[in-house]
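The values are calculated or read from the model by the stated rules, or taken from the named source; none is laboratory data. Treat the numbers as computed from the prediction; the structure is a model and nothing was measured. All Cβ positions, even for glycine, are placed from backbone atoms using ideal geometry, and neighbour counts span all protein chains on display. Just the protein is used for accessible areas: all its heavy atoms, side chains included, with ligands, DNA and RNA removed. Shrake-Rupley method; radii C 1.70, N 1.55, O 1.52, S 1.80 Å.
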Amino acid sequence: MARTTFSLTSLHSSLFVGSVESVALVALIVAISFSILDSCFAHVISVDELTMLLLVVVGVLIIRKSSTKAPTKKVLDLCQQTPFSDSSPRTPGSGRGSLASKVFCAANGGDLVAAETMMESFSARSEKPTAKCYAALISACSRAGDVAGAERWLEELVARTDLGQPTVVAFNMMLSACSKAGQISRAAAWLTRMREMGVEPDVMSFNAMIAACARAGETQQAEQWFATMCKAGVQPNLVSHSSVVNACARAGDASRAELWLEKAAASGMQPNAICYNSLIHACTKGGSVDRAMYWLDEMAARGVQPTVTSYSTIMDSLVKNADVTAVEKWLARMADAGIEADDVSYNMLLGAYCKTGDAESAKVLYEQMRSHGVTPTPMFFNMLINIHARKGDVKGAAEWLSEMRSCGVQPDQVTFNTSVKAFRRSSNVAGTEVILQELQAAGFTLSTTLYHSMITSCVRSHCIDKAELWLNQMAKNGMADAPSYCSVIAACANAGDLKKAGDWLERMEAAGLNGTAFAYNSSVQAFAKSGDADSAEKILQRGEVSGLDISSPTYNALISAWSKEGNADRAEYWLKKSVEGAKADVASFTAVIHACAKASDLPRAEALLEQMEQSGIPANVVTFNSVINACARCGEAARAEAWFEKMEQRDVTPGMLTFNSLINASSKGDNLDRAEHWMCEMRSRGLAPDVVSYGTVIHASMVQQQPGRAERLLEAMRRDQLAGPGKSSAFCYTSVVEAWARSGDFAAAGRWLSEMLEQRIHVSGASFRAVIEACMKQGKHAEAQKWKVVMKEQGLSVAGLFSTPRAKNGGKSPAHSARI
């Protein structure tokens, strides 16, 4: 029994370090076990001792596992694993369970906040932090990329002279933090400082410096630190060479990377897969895919097994070159080499299919991936969905979203955004609703973004009624926002449903939402286009009150609407408003000038054109045409020609309308020779007179009783093949007929009237009446009767014309009959 007790005591001291309660529990287990054995069995004491040893070990393990107060295995392991040595003597309170131990465990476990909080509490205790605490904190900051934090704790450690000088490991962790952040100069400063403190850098110190240069792609600096390391008598290792190779790779200097890899081999080191992968990356970055392929073969020939990264690097370069066939071949080659493709490899090939929009090949790749037991990532599914989303194929996108859920892959925000893209590009409302159901099934709630996307899809497919239903549902759920209202308002306005557009605009304003300028601009332009200038004006005024940026086209639409209504005053009022807002352009002024021209208000039109030029807005051909037209309406031929000269002085090329306005101005000024001059001027500039040109002068010739000129111009018009059944031609023929009839030449008038009938040109009742009256004036009653019959055959009313010529003894003269 004494032997057993001794052995158990030894076991407890070596295996179990616990609380008093735990020891008491083990003792109880031992006592009960011996009582059972003594009463039931006779056995050898050595067997008895061995059995009890096993029982105690099991008991201790159970107690450790079930104790809620004991540290977890992860924390204990972290406490036992230390990358640095502590040569300082153990101080009181530095054992297990002390504050220093807790700081150490928290820092090693990555809980920087807890570790730093506990470090601050040392000041209120008699216990002091150990060098291990500081080293653990520096290491934790380094792993977290917190350069400032690592620097702060190292500075504090340096200041603690009672803890001794920091070790090279502590400085190396500081250098590593700077290296990861790419802060070369900061790392160099710490390396200089450690030397000044008598701590000699080791291979890890210099490797950190080289790695910092590599991350920044500073090949020359990396090589300089490599040389400094050798000069300091520190033997470079494979990591040193790999880091320089990596620096060359990041800089895209493949030839230099090759040189350093061969230098490592010449130094008796066997470059590993990391070295070769860096070199392959350097080749692909430099655009030399063939060279990258050579080094992949070379690494295998030198006994280094290529990794999935080796192949993926080449595949990635081929994807960027859009060489899909080559990517497929390299994926097959990797499989033949016995290297299982990972999700990254498959993602690369899928990325190539995504660029080409090859949905069928993407589906085959997915099936191949699943057959090889590789679980697709959210990124993979997102690309599959994107192939269809880019085409607006909501049905295909919905199918992949469903497949994603069935595979247990949780959709992420990218999935959501990609699916919404399908909404916005599709006009398939039914398909959009299917994908919406899939998103809901995937756990996404009906957000404002989803509602707005649905409305956009409905608007694109011109399903305005459905868009209104979705907007009503949004409003019912208290989620309706200004963009959604504006989409529906613009859709209604563009569809010409002005009542609905106005109603939704009022609902939006009643909801206290500030609409977008787009909604107001669309509404104003729609109402203006319909000719409802008053409603357009009211909406624009509401937009201005809301502080919205009213666009130039919107102002112009309203100005044009008032101009078409002949309201030059309102048109000019909004022109002034647009000028004040720096939104006026040539169209703004031209619309008002045109309104003035229609009102024959020449002084106002001329004043506006001058104001326009003073504002720095150059007039165009339309503007000058409007002013010249105003001159023509007023019969001011001289002023029209003066504006024509200004037009040419400003290098504005006159057009057909310009010359027709000049012809009209001359014609109204009774200067038919000048009118014909402008027709000739047109021809000299490569512009052939049109029906309007001829019609203007022919009609003026009729008014001025020059039938010969009118006939000559009509003959010229026919030679130009401009005469035909059109209304413009009918006007010209009618003018010639009436010109001859007025001159009393009923024969010439009748000849042109017959020509009109033969050419199937519309003849008005006025033309027939003019010829009949001419015949009657000349006493040609039979001729008049003939034209009356023809007129009746054309379906025209002959009411008011004579019935039969009266005899001389009837008391009425032929002239009297003619007057009738």
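Sub-7 Å Cβ pairs linking a first residue in the stretch 466-483 that is of a type in the set (Asp, Glu) to a second residue that is surrounded by 15 or more Cβ atoms within 10 Å (Cβ to Cβ) and modelled with pLDDT of 85 or more, at least 6 apart or interchain, are GLU468/VAL488, ordered by first then second residue. Contact map, the stretch 556-571: first residue closer than 21 Å to ALA582 by Cα, second residue at pLDDT below 90 and not in a helix (DSSP H, G or I), Cβ cut-off under 7 Å, separation 6 or more or different chains; pairs are ALA561/GLY531; ALA568/ALA599; ALA568/ASP601.
Against the definition (part of a helix (DSSP H, G or I) and open to solvent by 40 Å² or more (accessible area, probe 1.4 Å)), how does GLN224 come out, yes or no? Spelling it out, GLN224 is indeed part of a helix (DSSP H, G or I) and open to solvent by 40 Å² or more (accessible area, probe 1.4 Å).
Of a type outside the set (A, V, I, L, M) and touching a Pro at 6+ places or on another chain (Cβ under 8 Å), is that true of ARG674? So ARG674 does not fit the description; no. Those helices (runs of 4 or more DSSP H) of the stretch 593-681 in which at least 1 residues are at pLDDT 90 or above and more than 30 Å from TYR573 (Cβ to Cβ), considering only elements entirely within it, cover 637-649, 656-668. When restricted to residues that are within 13 Å of ALA232 (Cβ to Cβ) and either over 49 Å from the mean Cα position of the chain (by Cα) or of a type in the set (Val, Ile, Thr) (or both), the stretch 183-198 contains 3. Checked against (1) part of a helix (DSSP H, G or I); (2) on the phi > 0 side of the Ramachandran plot, LEU259 meets all criteria but (2). Within the stretch 487-507, the set of residues being of a type in the set (A, V, I, L, M) and within 16 Å of MET474 (Cα to Cα) comprises VAL488, ILE489, LEU505. Take SER402 and tell me if it is among the polar types (S, T, N, Q), open to solvent by less than 10 Å² (accessible area, probe 1.4 Å), touching a residue at least 12 places away in the same chain (Cβ under 8 Å) and part of a helix (DSSP H, G or I). It is false that SER402 is among the polar types (S, T, N, Q), open to solvent by less than 10 Å² (accessible area, probe 1.4 Å), touching a residue at least 12 places away in the same chain (Cβ under 8 Å) and part of a helix (DSSP H, G or I). Any residue at all in the stretch 692-700 that is open to solvent by 50 Å² or more (accessible area, probe 1.4 Å) and either over 29 Å from ALA766 (Cα atoms) or out of contact with any helix residue (DSSP H, G or I) (no Cβ under 9 Å at 6 or more places or on another chain) (or both)? No, the stretch 692-700 has no match at all. Across the stretch 172-179, not a single residue is classified as in contact with a Ser or Thr (Cβ under 9 Å, 6 or more places away or on another chain) and either among the charged types (D, E, K, R) or not in a helix (DSSP H, G or I) (or both). State which residue is farthest from the chain's Cα centre (by Cα) when the search covers only the stretch 252-278 and only residues that are within 15 Å of VAL308 (Cα to Cα) and open to solvent by less than 70 Å² (accessible area, probe 1.4 Å). Result: ASN272.
Output the residues belonging to the stretch 639-666 that are farther than 20 Å from TYR694 by Cβ, aliphatic (A, V, I, L, M) and either in contact with a strand residue (DSSP E or B) (Cβ under 8 Å, 6 or more places away or on another chain) or in contact (Cβ under 8 Å) with a residue 24 or more places away in the chain (or both). MET647, VAL652 - these are the residues of the stretch 639-666 that are farther than 20 Å from TYR694 by Cβ, aliphatic (A, V, I, L, M) and either in contact with a strand residue (DSSP E or B) (Cβ under 8 Å, 6 or more places away or on another chain) or in contact (Cβ under 8 Å) with a residue 24 or more places away in the chain (or both). Would you confirm, using the coordinates I've provided, whether GLY303 is of a type outside the set (Val, Ile, Thr) and within 23 Å of ASN237 (Cα to Cα)? Yes; evaluated as a whole, the condition is true for this residue. GLN305 passes every criterion in (1) surrounded by fewer than 22 Cβ atoms within 10 Å (Cβ to Cβ); (2) within 24 Å of PHE380 (Cβ to Cβ) apart from (2). Residue check: ARG604 meets all listed conditions (1) touching a Phe, Trp or Tyr at 6+ places or on another chain (Cβ under 9 Å); (2) touching a residue at least 24 places away in the same chain (Cβ under 8 Å) but one, namely (1).
Residues checked against (1) closer than 25 Å to SER484 by Cα; (2) hydroxyl-bearing (Ser, Thr, Tyr):
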{"residue": "SER522", "(1), (2)": "yes, yes"}
{"residue": "GLN541", "(1), (2)": "yes, no"}
{"residue": "ILE559", "(1), (2)": "no, no"}
{"residue": "ASP585", "(1), (2)": "no, no"}
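Here is the figure for the stretch 428-451: residues that are open to solvent by 40 Å² or more (accessible area, probe 1.4 Å) and part of a helix (DSSP H, G or I) total 8. Hey, among the residues in the stretch 389-399 that are open to solvent by 30 Å² or more (accessible area, probe 1.4 Å) and assigned to a helix (DSSP H, G or I), which one's nearest to MET334 (Cα to Cα)? Here the answer is GLU399. Of all the listed residues (GLU613, GLU681, GLU676), the sole one being surrounded by fewer than 17 Cβ atoms within 10 Å (Cβ to Cβ) and more than 20 Å from PHE589 (Cβ to Cβ) is GLU681. Selection of the stretch 620-638 for residues being within 14 Å of GLU610 (Cα to Cα) and surrounded by fewer than 24 Cβ atoms within 10 Å (Cβ to Cβ) yields only ASN620. Looking at this structure, is ALA599 open to solvent by less than 20 Å² (accessible area, probe 1.4 Å), more than 40 Å from the chain's Cα centre (by Cα) and free of Cβ contacts under 8 Å to residues at least 60 places away in the same chain? So ALA599 does not fit the description; no. The number of residues in the stretch 352-376 that are surrounded by fewer than 16 Cβ atoms within 10 Å (Cβ to Cβ), hydroxyl-bearing (Ser, Thr, Tyr) and touching a residue at least 24 places away in the same chain (Cβ under 8 Å) comes to 2. Could you go through the stretch 646-655 and let me know if any residue there is buried (at least 24 other Cβ atoms within 10 Å of the Cβ) and either within 49 Å of the chain's Cα centre (by Cα) or of a type in the set (D, E, K, R) (or both). Checking the stretch 646-655: not a single residue is buried (at least 24 other Cβ atoms within 10 Å of the Cβ) and either within 49 Å of the chain's Cα centre (by Cα) or of a type in the set (D, E, K, R) (or both). From the residues in the stretch 318-337 that are open to solvent by less than 60 Å² (accessible area, probe 1.4 Å) and within 16 Å of ASP290 (Cβ to Cβ), which one is farthest from the chain's Cα centre (by Cα)? By that ranking, first place goes to TRP330. Of all the criteria given as (1) in contact with a helix residue (DSSP H, G or I) (Cβ under 7 Å, 6 or more places away or on another chain); (2) under 23 Å from GLU403 (Cβ atoms), the one not satisfied by VAL319 is (2).
Consider the stretch 541-582 and keep the residues that are open to solvent by less than 20 Å² (accessible area, probe 1.4 Å) and among the β-branched types (Val, Ile, Thr). The one that is nearest to the chain's Cα centre (by Cα) is ILE550. A single member of ASN477, ASN417, ASN472 is of a type outside the set (A, V, I, L, M) and either open to solvent by less than 10 Å² (accessible area, probe 1.4 Å) or within 30 Å of ALA528 (Cα to Cα) (or both), and it is ASN472. Screening PRO166, PRO201, PRO236 for residues that are touching a Cys at 6+ places or on another chain (Cβ under 7 Å) and in a loop (DSSP other than H, G, I, E, B) leaves exactly one candidate, PRO236.
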